[in-house]
Structures are given as C-alpha cells and as structure tokens.
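Remarks on the structure that follows.
Read the figures in this text as sums done on the coordinates, not as results from a lab. Quick caveat, the model's predicted, so the values are computed rather than measured. Here the Cβ positions follow ideal geometry from the backbone for every residue, glycine too, while neighbour counts run over all protein chains shown.
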Amino acid sequence: MSHRRSGLLATGVALVALTFGLAACGGSDDDGSSGSGSGSGGEEVSIYSSFPLQGASRPTGISLQNGIELALEQAGYKAGGVKINFEPMDDSTAQAGEWTPEAESANAKKAVQDDSAVAYLGTYNSGAAAISIPILNEAGLAMLSPGNTAVGLTSDAPGADTGIGEPDIYYPTGERNYARIVPKDTVQGAALAGVMDEDGCTKVGVLNDNEVFGKGLAANVIDAGSQYDYEFVDGGAVDTKAANFRATADDFASQGVDCFIFGGITASNAVQLYKDMAAAMPDAKLYGPDGVADTDFAGGLPDDVAARTKVTVATLSEEDYGKEGAKFFEDYQAKYGDPGPYSIYGYEAGKLILDVLERAEDPTDRAAVLKALFETKNRDSILGNYSINEDGDTTLTDYGVYNIKNGDLEFNEKISAKPGT
C-alpha cells in the first residue's frame, strides 16, 4: 500500500507552508516513457504520476506506475474524446534512497505548470502527499492516490495530527482536490488490531518512525485496540538511522511484551528493527502495515523472523478479484512480470481517471475533471464497488493479511475491518 508512505512531519509541514506561494518550476527524473494516443486530431491532456522509483520502495513505485500505464495503454491513451499523454515521475533520489520533499515538490510544480495537465496520480508515501496536495490544490488540479493511507490527509479522525491543523492545512483554497482508492488507516488500524486479538496477544509493543504515515498508523492501532483485552506498551518514535534497536527491544522484553507492531515503512530501517525485536523476544509475534509490504522487507528478514511476521495490505488474493482480476494479473504478468501488491491499485487508479475523463463535461478543464472525480459513486471496479466521499476517501474496507514465506508475501486471509467494530 501505505501506502502506504510518509515523510518527516516537520519537514513536510515546513514545505507545505512554503509552497502556498508557488512560483518556481522544478522537474525530476522518471523511470519509463510517456505514452500518447495515436488517433488523428482532437485535443490532448496530460496525466502525471509521482512515485518512488529508487531505494527500498522502488518495487512498489514501479508496480504502481506500471499498473497505471497498463490501464492507459489498454484504452489506447484516449478517453472522453481526448488523447492522453502519460508523464511518469520519480519522487525519490539515489542519494536518499527514498522519496524526498524536494523531489515531490518539484514534481507537483512541474505538473501544475503544464497547462495540459488535468490529473496527478500519486503518491505512495503519505508524507509526499502532504507536500503535493497544497501545491496542486492552489492550481485546482485533481490528485488521485492509489497508495496513501494516513488519516490526516482527509479527516481529523483518530490518527490525524490536529495540532498542525490536519486536514485543513493541505487545502489552502478551502476546496478538496485529493481523493484515494485505498482505505485509510482507521481501517488498517482496525484490521491489525483485530488480527492481534485473534492471535491471542496480551501485551503489544508499539513503535513508529516519526513520519506522517507511521505516527498515524501507530495511533490508529492503539485506538482500535482499545476495544480488546490486551495492553499496549507505546515506545514512541525510534531513530531510524540507529545502528540497532537492542536497548528498546530489551526494554519491551522486560515488560512482558509478547506482540510487536511498527508504524513505519521499510526504508525506516525496518529490517534491522524486526531482527532486534525478534532476538530479544524469541516467542513474540510480529506485525507490520502495508508500509513494509514489499520484497525488500520480506526478503531481508531471516526465515525464523519472517515465519512469525504478518503484514496487512489492502490487496487481496487473486481469487477475490474474479474474472476481471484474473485478466489483469495475466496481462500485467505478460508485460511487466510478477505484479506487486499495489499494482492492481495503480491499475484501478488509471481506470478511474479514464472513467473520470469520460464523465467530465470538459475533459480538458481541470475544474470539470475534479468535479467528475468527486462524483464517483457506486463504481463497479476491479477492486469492488466503491464511491468517493466528500472528503476524498474510498468506501472500500477490505484488507488482506499476509504471511512471509521464502522472501515473498503470501496471502493468508481477508479482513473486512471498519473502525470501531
């Protein structure tokens, strides 16, 4: 998922404030080529995407981009009587090995200053979205995410940072321009809390990576877990640059922690963190959100640690997606190879924006496209039937629970989780 998918909160908020006075133009490196329809005549529009294409999140970013491209290619890069130029961008850098506020800001500015741009598909990291939403909002450009799950991007529900003014801080015009098709973390938190109850946890240690997604996810798990009998030991944020986390792991062990959950992403030194937790608590069950649902995390864990680790991600088993899903997986495999957990969300993001262009009164007009996006109701899609509500959230609530085997994520069960249930 998660998403899934955040950046340093302080840095993000600072750049949000700076970008309200948008002026400069910026670009970024991309991974892949843009495509366009080959029809004769007619107007053209541009659709941008922005995902991390380097570092630990590269497999997820590439699968999201590929999913979008597959949907557009199948439509001949046309919708609503216009031709579509697809402009994929990278919001990560080789030096950082993950997304950066500077790269994401540059991407958003580049899209805004392209008069033909009518939609921005991204981001994967919620912290990156916190940077780009206000830039795009001032320009009235629709943003659709197939990966963000942080609550505060759309609402002030538990998990949002109301102290900095979430979510209003992201919408300087007072109007919403951001929507997502992946369930937010009130849903994922409820799913994780329910799994830990099913598994018989009695005392759960919680840490986060002090980023938008991670802090919010940890808060959502604790909030949702309050209805169960187990206790929480909240260790707060960790130094993601630390060489090891043995002291924190030993502290959890001394307090009788028998289950552990990390609110964070793989790039936040997650592999080392889980290794240290497993060593200090050899019988503890380990859990992670969609922020670690990737091959770098799954493949980086020793077999004995992976065997007692479960992760949640909004992607279900192939069987849950029926005939349309089977066709998608077949097509994706033929063109790109094995699909990642989020490839189907990239695909649906592409399919939805095609539908939006078809429904828009004028597919070349940003305001008309934005209006059509928020008019998405009872859409029958590869993910199931869903609507986009006035906040920009999807009505989907299903999450998959995955085991890790032989370095890969292996689907275990589907949980239809709703906050407070």
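Listed values, structure above:
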read-out	value
Cα-based Rg of region 58-157 normalised by 2.2 N^0.38 Å, two decimals	1.10
Helical contribution to [θ] at 222 nm, DSSP H n ≥ 4, -39,500 (n - 2.57), averaged over the chain, rounded to 500	-11000 deg cm²/dmol
For region 279-296, Karplus couplings with θ = phi - 60° (6.51, -1.76, 1.60), whole Hz, Gly/Pro x	5, 6, 10, x, 10, 6, 8, 10, 9, x, x, 5, x, 10, 7, 9, 6, 5
Region 238-255 - phi-based ³J(HN,Hα) in whole Hz, Karplus 6.51/-1.76/1.60, Gly and Pro as x	10, 7, 5, 8, 5, 5, 7, 10, 5, 4, 5, 4, 5, 5, 4, 4, 5, 9
For the chain, fraction of C-alpha pairs farther apart than 26 Å, in %	49 percent
Built amide H within the under 5 Å cut-off of M89, gap 5+	S49, S50, F51
Other-chain or far-sequence residues with amide H under 5 Å of E231's (modelled H)	K203, V204
Packing-based order for 338-348, 302-312, using average beta carbon neighbours within 10 Å, highest first	338-348, 302-312
Net charge of Cβ neighbours under 13 Å - reference F245; Lys, Arg +1; Asp, Glu -1	-2
Relative contact order (percent, whole number), region 366-421, Cα cutoff 8 Å, 6+ residue spacing	21 percent
Per-residue HN-Hα couplings for region 332-340 [Karplus 6.51, -1.76, 1.60; θ = phi - 60°; Hz; x = Gly/Pro]	5, 4, 5, 8, 10, x, 4, x, x
Pairs beyond 25 Å (Cα-Cα), from K184/K371; K83/K184; K110/K241; K203/K310; K110/K184	K83/K184; K110/K241; K110/K184
Distant-in-sequence amide H partners of K285 (H built 1.01 Å from N, under 5 Å)	C259, F260
